[in-house]
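**Q** If you scroll down you'll find the structure; I have some questions about it.
The values are calculated or read from the model by the stated rules, or taken from the named source; none is laboratory data. Everything numeric here is computed off the predicted structure, so don't read it as measured data. Neighbour counts run over all protein chains shown; Cβ positions are idealised from the backbone, glycine included. With ligands, DNA and RNA removed, areas are computed over all heavy atoms of the protein, side chains included. Shrake-Rupley method; radii C 1.70, N 1.55, O 1.52, S 1.80 Å.
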Amino acid sequence: MPLTSHIALVAEDALGLALGRRLIQEHSALFVWRETNARGRGAIKRDIQKYTHMARNGFPVLALTDLDTRACCRVLLNEWFGGHHGPHPNLLLRICVREAEAWLMADPSPLARLLRLPEMRFPAQPEILADPKRSLLDLATHAPAKVRRGLLPQSGSTARIGPEYNELLCPLVTAMWDIGKAARRAPSLAKARQSLGELAARVGSRGTNCYVSDDSRR
């Protein structure tokens with residue numbers, strides 16, 4: 001029986017969790033022990049020392065956050081860790097450039113089916129978009145009415161997304177999204193995939209089965 005390691009998965013939202021889950025599922029050496037929907041970057045940043053403590057105690061963490069409007073990933077890392085060091089090797093803080101939606105659009109086939117649009121309507125380099133979520137919602141204005149109602153914010157609502165946004169998009173990641181194809185068009189996804197592969201290789205070679213102490217679970 002192959003040796004496995006528990007890993008905690010943290011993301012800003014449900015779509016991020018779906019993408020992270022898909023990344024982890026590529027590796028039989030890794031098993032998702034707990035998922036946390038942080039509902040925004042703030043909670044991940046707030047708890048980064050907790051995740052660092054878990055990583056130092058042999059419990060790996062995959063945390064996904066968005067770059068948003070920052071100039072580059074180094075700026076975000078400096079904000080969170082200071083200029084002298086980065087995350088612990090067991091804390092995979094991977095940054096979606098610029099949002100998780102860019103990773104999803106990097107394989108446009110599932111979205112093209114959902115929105116009933118040709119793949120050529122989707123950006124060839126989604127990571128250069130200033131606001132990938134906004135670009136996806138703009139494309140959704142051309143979708144069938146039922147899909148439009150689910151993805152787009154309701155009239156008068158202060159929400160940025162529609163009431164069925166996650167319900168419509170997350171199953172695409174689970175069932176249809178080609179992570180290999182997407183990684184070729186989204187460099188930050190390719191780096192996340194590589195980092196997770198390196199972690200899985202360390203787990204497999206060392207036979208690590210990691211757990212955390214009670215104070216790390218709080």
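**Q** I'd like to verify a number: residues in segment 142-159 that are open to solvent by 70 Å² or more (accessible area, probe 1.4 Å) and under 22 Å from Arg121 (Cα atoms), how many? Please lay out each step first, then the result.
**A** Start the filter on segment 142-159 by keeping residues that are open to solvent by 70 Å² or more (accessible area, probe 1.4 Å), which leaves 142, 146, 148-149, 154-156, 158.
When the remaining residues are screened for being under 22 Å from Arg121 (Cα atoms), the result is 142, 146, 148-149.
So the answer is 4.
**Q** Hey, another quick one. Tell me the residue from Val32, Val75, Val61 that is at pLDDT below 95 and among the β-branched types (Val, Ile, Thr), please.
**A** On the way: Val32 fails: at pLDDT below 95; Val61 fails: at pLDDT below 95.
Among Val32, Val75, Val61, only Val75 is at pLDDT below 95 and among the β-branched types (Val, Ile, Thr).
**Q** Please specify each residue of segment 148-169 satisfying the condition of being farther than 12 Å from Leu114 by Cβ, in a loop (DSSP other than H, G, I, E, B) and among the charged types (D, E, K, R). Can you show your working first?
**A** Start the filter on segment 148-169 by keeping residues that are farther than 12 Å from Leu114 by Cβ, which leaves 149, 152-163, 166.
Then drop every residue that is not in a loop (DSSP other than H, G, I, E, B), which leaves 152-163.
Across segment 148-169, the qualifying residue is only Arg160.
**Q** Something else about it: Being open to solvent by less than 60 Å² (accessible area, probe 1.4 Å), modelled with pLDDT of 95 or more and either more than 28 Å from Arg160 (Cα to Cα) or part of a loop (DSSP other than H, G, I, E, B) (or both): is that true of Ile44 here? Reasoning before the result, please.
**A** Numbers: open to solvent by less than 60 Å² (accessible area, probe 1.4 Å): yes; modelled with pLDDT of 95 or more: yes; either more than 28 Å from Arg160 (Cα to Cα) or part of a loop (DSSP other than H, G, I, E, B) (or both): no.
So Ile44 fails the test.
**Q** Moving on. Across segment 112-141, what is the total count of residues that are among the charged types (D, E, K, R), open to solvent by 50 Å² or more (accessible area, probe 1.4 Å) and part of a helix (DSSP H, G or I)?
**A** Residues flagged as among the charged types (D, E, K, R), open to solvent by 50 Å² or more (accessible area, probe 1.4 Å) and part of a helix (DSSP H, G or I) within segment 112-141 amount to 5.
**Q** Looking only at segment 57-70, which residues are open to solvent by 60 Å² or more (accessible area, probe 1.4 Å) and more than 19 Å from Glu101 (Cβ to Cβ)?
**A** First, the residues of segment 57-70 that are open to solvent by 60 Å² or more (accessible area, probe 1.4 Å): 57, 69.
Within segment 57-70, Asn57 is the sole residue that qualifies.
**Q** Against the definition (open to solvent by 10 Å² or more (accessible area, probe 1.4 Å) and under 15 Å from the mean Cα position of the chain (by Cα)), how does Cys73 come out, yes or no?
**A** Values: open to solvent by 10 Å² or more (accessible area, probe 1.4 Å): yes; under 15 Å from the mean Cα position of the chain (by Cα): yes.
So Cys73 passes the test.
**Q** Does any residue in segment 37-60 that is farther than 18 Å from Leu77 by Cα come within less than 8 Å, Cβ to Cβ, of a residue that is hydroxyl-bearing (Ser, Thr, Tyr) and assigned to a helix (DSSP H, G or I) six or more places away or on a different chain, and which pairs are these?
**A** Met54/Ser216; Asn57/Ser216; Phe59/Ser216
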